[in-house]
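Some notes on the structure that comes next.
The values are calculated or read from the model by the stated rules, or taken from the named source; none is laboratory data. Note that the structure is predicted; figures quoted are calculated from it, not measured. Cβ sites come from the backbone with ideal geometry, for glycine too, and all protein chains shown count toward neighbours.
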């Protein structure tokens, strides 16, 4: 009986020692992973997206924070693109948002911003263009505004078409501009 008590005490001591040592190993690892994830979140909210990706990549695959880190890394191109759009850096917007894959949940929103950025770039060209180039740009601008279906862009398209009609000197250009006008009016669902 005394021998069984000593053996039991010995095994309990070993289990306690192993448990204590194991807990400290896991505690440090979780703490480091948590630090990397928290640093990544902080950089992400501050708009330091590349730095955020570095921190998120430091999160260990066995960490409970790993799925969130991967999710945040996937959000970086959209956030970078939207930030570039808001700063009126339209080329950078297109580059950042073009990295979003078709199967991504953010794809539709990325395409919307790409179209808006293209519209802004084409509109800048339109304001500086002459004659034939101007007519082609009007077509592209109206097509983008029709795709997006946003009322402000559709109203802007009407103004652009009117400008084209005022300067049109060829019968076929006038006819095409009137067709574009019809396509814009058709976008409006209310009578």
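Structure notes:
- Test result for residue 113, surrounded by 14 or more Cβ atoms within 10 Å (Cβ to Cβ), without any contact (Cβ under 8 Å) to a residue 24 or more places away in the chain and under 22 Å from residue 150 (Cα atoms): no
- All conditions but one from (1) closer than 13 Å to residue 37 by Cβ; (2) crowded, with 16+ Cβ neighbours inside 10 Å apply to residue 106; the one that does not is (1).
- Residues (under 20 Å from the mean Cα position of the chain (by Cα) and buried (at least 16 other Cβ atoms within 10 Å of the Cβ)) located in the range 121-147: 144
- Wholly within the range 38-156, helices (runs of 4 or more DSSP H) carrying at least 1 residues that are at pLDDT 90 or above, farther than 30 Å from residue 174 by Cα and in contact with a helix residue (DSSP H, G or I) (Cβ under 8 Å, 6 or more places away or on another chain): 49-57, 66-86, 90-97, 107-128
- Of all the criteria given as (1) touching a helix residue (DSSP H, G or I) at 6+ places or on another chain (Cβ under 9 Å); (2) surrounded by 13 or more Cβ atoms within 10 Å (Cβ to Cβ), the one not satisfied by residue 185 is (2).
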